[in-house]
Amino acid sequence: MSLRISLLGAPHITRDGHVEQPRGNKAWGLLAYLVRMTIPAPREQLAGLLFPNAHDPLAALRWSLTELRRVLGGRAVVAGDPLRLVLPPATFVDVDVLTRGSWVEVIQLPELGQDLLGGVTFPKSPGFQLWLDSERRHLSAAVEALLHEAALACIARDEPDRAADHATQLVGINPFDENYQTLLVRSLSLTGDTAAANRQAAACAELFRTELGV
């Protein structure tokens with residue numbers, strides 16, 4: 001069985017070539033939590049975090065667990081108290097690649113730079129929304145660090161065009177970081193496109209003057 005779990009951007013699961021979607025955002029939230037947490041979570045704690053307004057939070061949690069088991073297939077284990085997730089060998093999980101892989105692997109992720117559970121919110125579960133927002137910031141910082149590493153590595157390899165691509169992504173994520181802007185101008189200059197480098201430097205200066213007053 002092949003299993004791919006994509007949690008960056010619009011989440012989706014592919015099992016044996018077929019796209020599987022659990023019913024309800026809470027199942028996605030539960031999956032993201034189990035994937036990201038290194039310490040198994042007590043069921044009661046997780047139920048209160050995801051289902052604070054439910055008449056029976058533990059029953060609501062059990063329903064979401066049933067959904068996860070259905071879409072992940074019989075070889076995945078989602079059980080216990082504390083709750084643990086054990087995925088089959090060779091399962092692809094994009095956020096694991098992002099946090100544990102090299103920049104060479106990370107830049108190949110199709111949803112690189114998109115939010116964890118992009119477009120999914122939990123307005124009735126404020127505690128879980130706080131956790132999700134924190135995870136999104138953490139993963140965004142990881143993306144920036146890896147793209148920065150990739151751009152510098154490409155410059156060292158005399159691949160300025162690729163460096164400029166990565167630096168462009170960095171500036172798109174955080175246009176107010178002076179180091180990213182400098183890296184993009186430098187990369188464009190190394191490609192031999194002096195005009196593009198000058199335009200980027202001028203655009204950066206104007207942005208900083210207009211938005212930051214510096």
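The values are calculated or read from the model by the stated rules, or taken from the named source; none is laboratory data. Keep in mind the model is a prediction, meaning the values are calculated, not measured. Cβ sites come from the backbone with ideal geometry, for glycine too, and all protein chains shown count toward neighbours. Note: areas computed on protein heavy atoms with side chains; ligands, DNA, RNA excluded. Shrake-Rupley method; radii C 1.70, N 1.55, O 1.52, S 1.80 Å.
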Answer yes or no as to whether Ala201 is in a helix (DSSP H, G or I), under 30 Å from Leu50 (Cα atoms) and among the small types (Gly, Ala, Ser). no
Just need a number here: residues in segment 100-116 that are open to solvent by less than 40 Å² (accessible area, probe 1.4 Å) and either among the basic types (Lys, Arg) or more than 14 Å from Pro11 (Cβ to Cβ) (or both). 4
For residues that are open to solvent by 20 Å² or more (accessible area, probe 1.4 Å) and touching a helix residue (DSSP H, G or I) at 6+ places or on another chain (Cβ under 7 Å), tally how many sit in segment 177-203. 8
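Considering each of Leu109, Leu130, Leu184, Leu139 in turn, give the residue that is of a type in the set (A, V, I, L, M, F, W, C) and in contact with a strand residue (DSSP E or B) (Cβ under 6 Å, 6 or more places away or on another chain). Before you say what the answer is, go through the steps one by one.
Details: Leu109 fails: in contact with a strand residue (DSSP E or B) (Cβ under 6 Å, 6 or more places away or on another chain); Leu130 fails: in contact with a strand residue (DSSP E or B) (Cβ under 6 Å, 6 or more places away or on another chain); Leu184 fails: in contact with a strand residue (DSSP E or B) (Cβ under 6 Å, 6 or more places away or on another chain).
Testing whether each residue is of a type in the set (A, V, I, L, M, F, W, C) and in contact with a strand residue (DSSP E or B) (Cβ under 6 Å, 6 or more places away or on another chain) leaves just Leu139.
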Please find, among Ala156, Ala145, Ala164, the residue that is small (Gly, Ala, Ser) and crowded, with 20+ Cβ neighbours inside 10 Å. Ala164
What is the one condition in (1) over 19 Å from Ala41 (Cα atoms); (2) more than 14 Å from the chain's Cα centre (by Cα); (3) among the β-branched types (Val, Ile, Thr); (4) surrounded by fewer than 18 Cβ atoms within 10 Å (Cβ to Cβ) that Val120 does not satisfy? (2)
State which residue pairs qualify: first residue in contact (Cβ under 8 Å) with a residue 12 or more places away in the chain and inside segment 127-153, second residue charged (D, E, K, R) and surrounded by 13 or more Cβ atoms within 10 Å (Cβ to Cβ) in any location, beta carbons under 7 Å apart, and separation of 6 or more residues or different chains. Glu135/Arg36; Arg136/Asp115
